[in-house]
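What follows is one structure encoded as structure tokens, with my remarks underneath.
The values are calculated or read from the model by the stated rules, or taken from the named source; none is laboratory data. It should be emphasised that the depicted structure is a prediction, and the values quoted were computed from it without experimental measurement. Cβ placement follows ideal geometry from the backbone for every residue including glycine, while neighbour counts extend to all protein chains displayed. Heads up: the accessible areas ignore ligands, DNA and RNA and are worked out on the full protein's heavy atoms, side chains in. Shrake-Rupley method; radii C 1.70, N 1.55, O 1.52, S 1.80 Å.
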Amino acid sequence: MADPSSYRPQPGQIPDSPGVYRFRDEHRRVIYVGKAKSLRQRLANYFQDVAGLHPRTATMVTTAASVEWTVVSTEVEALQLEYSWIKEYDPRFNVKYRDDKSYPSLAVTLNEEYPRVQVMRGPKKKGVRYFGPYAHAWAIRETVDLMLRVFPVRTCSAGVFKRSAQIGRPCLLGYIGKCSAPCVGRVTPEEHRELAEDFCDFMAGRTGAYLSRLEKEMHIAAEDMEYEKAARLRDDIGALRRAMEKNAVVLADATDADLIAVAEDELEAAVQIFHVRGGRVRGQRGWVTDKVEAVDTAGLVEHALQQLYGEEKGESVPKEVLVPALPEDTPALAQWLADRRGSQVSLRIPQRGDKKALMETVHRNAQQSLALHKTKRASDLTTRSRALEEIAEALELDGAPLRIECFDISHLQGDDVVASMVVFEDGLARKSEYRRFQVKSFEGQDDVRSMHEVVSRRFRRYLAEKSKTGEWDPQDGEDGPSEDDGKPKRFAYPPQLVVVDGGQPQVAAARRALDELGIDDVAVCGLAKRLEEVWLPGEDDPVVLPRTSEGLYLLQRVRDEAHRFAIQYQRSKRGKRLKSGPLDEVPGLGESRKQALVKHFGSVKKLRQATIDQICEVPGIGRKTAETVAAALAGAVPAGPAVNTATGEIIEDENPAPAGASSERGTEQ
């Protein structure tokens with residue numbers, strides 16, 4: 001790793017003007033591109049103490065070996081140059097969105113003599129009018145099929161069109177009235193182009209006037225007793241209305257806007273875009289990205305805008321762009337969008353009304369997209385296999401770790417110290433194998449000592465299971481489960497890799513626990529959350545896996561799952577402790593009899609004052625149990641009186657909730 005001070009420019013060298021800068025590594029490859037209003041102020045942020053930088057920024061500046069910059073006149077020029085360089089160099093530390101699917105669009109080839117309606121994917125072509133993108137190609141075909149009844153535009157390929165013209169006979173669509181058959185001269189090129197332009201106007205949202213015209217023609221035909229024509233117009237109107245229903249009206253008529261929402265976690269982000277034209281959702285797109293640079297929601301929005309509109313011009317850029325957070329250089333971005341559209345573009349956050357409600361819908365779609373992406377990435381067999389191979393290679397294991405166990409410690413300021421063990425087999429969570437531990441050997445906060453205890457207990461149970469088959473002779477006196485029903489035992493199978501949530505101290509504790517038990521065929525590593533570094537026992541430097549590594553992604557999932565499971569158990573324990581009462585300490589007293597006692601006497605306070613004979617009067621309570629209850633309550637210290645904080649009045653405990661029931665005080669909802 002390079003020391004940023006080794007290539008830091010001299011203080012007077014960096015200009016105080018707008019510009020774009022590039023960080024290069026030792027091989028002169030561009031690893032990061034950024035822009036700034038003031039190059040001097042922005043670059044100074046990178047050359048402070050590395051410990052104070054964001055972990056991802058720290059990784060970038062220590063990977064880089066040099067920095068260079070280019071001065072421009074305005075912030076808009078800086079934005080354009082930054083976009084061009086990101087496309088040219090594909091820097092590893094810049095956010096790069098990738099489509100989670102290939103989105104089709106409805107295209108009308110107005111650049112041809114006889115325009116054609118078709119489904120198109122990929123880069124946009126000059127002279128072609130696009131609508132969408134849509135989520136599915138079949139949705140486009142359904143819409144087109146309904147509209148061809150009213151706008152019989154050509155949909156055939158160039159080969160079919162040419163052959164029909166040669167033989168003088170149209171295709172099937174020409175015979176059933178869903179094509180005006182320009183190939184055989186039923187309409188002139190001008191008439192066919194007019195049909196195509198009407199089709200485009202209708203798709204662009206100018207529907208009201210056209211429907212009104214058709215309805216007027218229908219009524220005139222009916223009055224003139226041209227009933228066949230009136231019926232045909234009626235059916236045309238119905239077809240157009242059904243086509244309109246496929247794009248729900250969500251905003252006021254003539255509203256052209258793109259709504260962009262972001263869902264993110266510490267590692268990845270998903271962006272969803274709804275394209276609203278003429279007040280209707282005409283299309284939807286989605287991207288996902290790894291957060292390889294230190295970027296917030298506003299930064300993600302800026303990158304999304306660059307990728308979404310970098311190649312667009314004219315009406316492809318809407319009048320209004322609604323976002324969840326405004327980027328730092330909002331005026332420059334708005335001007336850049338306006339230059340691409342050719343007229344003013346509004347870039348803002350919706351505050352109220354229908355647009356805010358629709359933005360919430362877009363955000364829900366982004367959240368679902370992120371969750372689906374993570375599920376697909378985790379469940380894909382090829383990806384899982386590659387992840388396990390990358391882990392084996394990085395940790396120098398003999399083979400892929402088909403069973404991985406991860407341990408995490410959780411507590412609240414030293415209270416209710418618990419641990420979790422989660423199991424991943426073949427890269428997938430095996431929840432039936434998850435285990436929970438209470439740290440018993442000491443009290444207080446000591447994650448290293450806790451990790452040593454938990455790993456020791458887990459593997460002592462494993463050795464105890466082996467002793468039953470004669471594979472190992474137990475010496476520590478801890479026996480495993482006594483049942484022998486042929487079912488897999490809880491700790492019978494060893495992992496190939498133990499992962500601990502933490503750095504060098506936790507890794508050393510886990511390795512020491514295994515060494516003390518004589519286990520030398522299980523690898524140990526730790527994943528430190530700050531820089532996502534992988535630590536190995538006895539090593540001074542961590543193993544740094546690439547941010548795009550599937551192996552690192554799998555280790556992060558394992559670590560995060562162990563963390564979630566540990567916190568869930570710790571909160572459960574804390575909640576039970578806060579809700580417990582004196583009757584919970586009475587041995588052999590179940591929930592039903594506790595409820596019966598409290599119901600009979602009205603409160604624990606009155607039960608404490610009752611004699612043994614009075615307690616025996618409760619159904620189900622015998623003499624021996626009554627004596628145990630009386631002794632337990634006599635030894636318990638009564639809780640302090642409850643006080644009404646508004647009046648200062650002491651509240652008598654006359655009708656408390658039954659023991660074990662939850663109360664608002666001290667419980668976590």
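Return a yes/no flag: does the range 100-109 have any residue that is crowded, with 21+ Cβ neighbours inside 10 Å and at pLDDT 85 or above.
For the range 100-109, residues crowded, with 21+ Cβ neighbours inside 10 Å and at pLDDT 85 or above: present.
Here is a list of conditions, (1) of a type in the set (A, V, I, L, M, F, W, C); (2) out of contact with any helix residue (DSSP H, G or I) (no Cβ under 9 Å at 6 or more places or on another chain); (3) open to solvent by 50 Å² or more (accessible area, probe 1.4 Å), and residue 304 meets all of them except one; can you say which number that is?
With (1) of a type in the set (A, V, I, L, M, F, W, C); (2) out of contact with any helix residue (DSSP H, G or I) (no Cβ under 9 Å at 6 or more places or on another chain); (3) open to solvent by 50 Å² or more (accessible area, probe 1.4 Å) applied to residue 304, the lone miss is (3).
Within the range 403-427, work out how many residues are out of contact with any helix residue (DSSP H, G or I) (no Cβ under 7 Å at 6 or more places or on another chain) and either free of Cβ contacts under 8 Å to residues at least 12 places away in the same chain or surrounded by fewer than 18 Cβ atoms within 10 Å (Cβ to Cβ) (or both). Step through it out loud before you land on a result.
Applying the first criterion (out of contact with any helix residue (DSSP H, G or I) (no Cβ under 7 Å at 6 or more places or on another chain)) to the range 403-427 yields 403, 405, 413-415, 425.
Right, trim to either free of Cβ contacts under 8 Å to residues at least 12 places away in the same chain or surrounded by fewer than 18 Cβ atoms within 10 Å (Cβ to Cβ) (or both) and you get 403, 413-415, 425.
Adding up the residues that qualify gives 5.
Out of 429, 394, which single residue is within 13 Å of residue 555 (Cβ to Cβ) and modelled with pLDDT of 80 or more?
Working: 429 fails: within 13 Å of residue 555 (Cβ to Cβ).
Only one candidate passes the filter, namely 394.
Residue 330 is checked against (1) in contact (Cβ under 8 Å) with a residue 24 or more places away in the chain; (2) within 28 Å of the chain's Cα centre (by Cα); (3) open to solvent by less than 50 Å² (accessible area, probe 1.4 Å) and fails just one. What number does that condition carry?
(1)
Any residue at all in the range 350-368 that is loosely packed, with under 15 Cβ neighbours inside 10 Å and under 30 Å from residue 433 (Cβ atoms)?
Yes: the range 350-368 contains one or more residues that are loosely packed, with under 15 Cβ neighbours inside 10 Å and under 30 Å from residue 433 (Cβ atoms).
Residues in the range 33-51: is at least one modelled with pLDDT under 80 and not acidic (Asp, Glu)?
Initial filter on the range 33-51 (modelled with pLDDT under 80): 50-51.
Now restrict to residues that are not acidic (Asp, Glu): 50-51.
Yes, the conditions are met somewhere in the range 33-51.
Under 19 Å from the mean Cα position of the chain (by Cα) and either modelled with pLDDT under 80 or open to solvent by less than 30 Å² (accessible area, probe 1.4 Å) (or both): is that true of residue 566 in this structure? Working first, answer last.
Numbers: under 19 Å from the mean Cα position of the chain (by Cα): no; either modelled with pLDDT under 80 or open to solvent by less than 30 Å² (accessible area, probe 1.4 Å) (or both): yes.
Spelling it out, it is not the case that residue 566 is under 19 Å from the mean Cα position of the chain (by Cα) and either modelled with pLDDT under 80 or open to solvent by less than 30 Å² (accessible area, probe 1.4 Å) (or both).
State the number of residues belonging to the range 430-445 that are open to solvent by 60 Å² or more (accessible area, probe 1.4 Å) and in a loop (DSSP other than H, G, I, E, B). Spell out the reasoning first.
From the range 430-445, those open to solvent by 60 Å² or more (accessible area, probe 1.4 Å) are 430-432, 436, 438, 440-441, 443, 445; that's our starting set.
Still in the running and in a loop (DSSP other than H, G, I, E, B): 430, 440-441, 443, 445.
The total comes to 5.
Across the range 136-165, what is the total count of residues that are modelled with pLDDT under 85 and open to solvent by less than 40 Å² (accessible area, probe 1.4 Å)?
From the range 136-165, those modelled with pLDDT under 85 are 136-151; that's our starting set.
Going one step further and asking which of them are open to solvent by less than 40 Å² (accessible area, probe 1.4 Å), we end up with 137, 139-140, 143-144, 146-148, 150-151.
Total meeting the criteria: 10.
Run residue 339 past the list (1) surrounded by 20 or more Cβ atoms within 10 Å (Cβ to Cβ); (2) farther than 30 Å from residue 556 by Cα; (3) among the acidic types (Asp, Glu) and report the number of the one that doesn't hold.
It is condition (1) that residue 339 fails.
Taking residue 144 as the residue in question, decide whether it is within 16 Å of residue 115 (Cβ to Cβ), touching a residue at least 12 places away in the same chain (Cβ under 8 Å) and out of contact with any Cys (no Cβ under 7 Å at 6 or more places or on another chain).
So residue 144 passes the test.
Grab the strands (runs of 3 or more DSSP E) fully contained in the range 14-108, keeping just those with 2 or more residues being of a type in the set (A, V, I, L, M) and within 30 Å of residue 127 (Cα to Cα). Quick ask: steps written out before the conclusion?
Numbers: elements: 19-24, 30-36, 66-71, 105-108.
Once the strands (runs of 3 or more DSSP E) in the range 14-108 are filtered for at least 2 residues that are of a type in the set (A, V, I, L, M) and within 30 Å of residue 127 (Cα to Cα), what remains is 105-108.
Right, residue 30: in contact (Cβ under 8 Å) with a residue 60 or more places away in the chain and not acidic (Asp, Glu) or not?
Yes, satisfied.
Looking at the range 1-13 only, could you name the residues that are assigned to a helix (DSSP H, G or I) and not small (Gly, Ala, Ser)?
Looking only at the range 1-13, we keep the residues that are assigned to a helix (DSSP H, G or I), and these are 4-6.
Within the range 1-13, just 4 meets the criteria.
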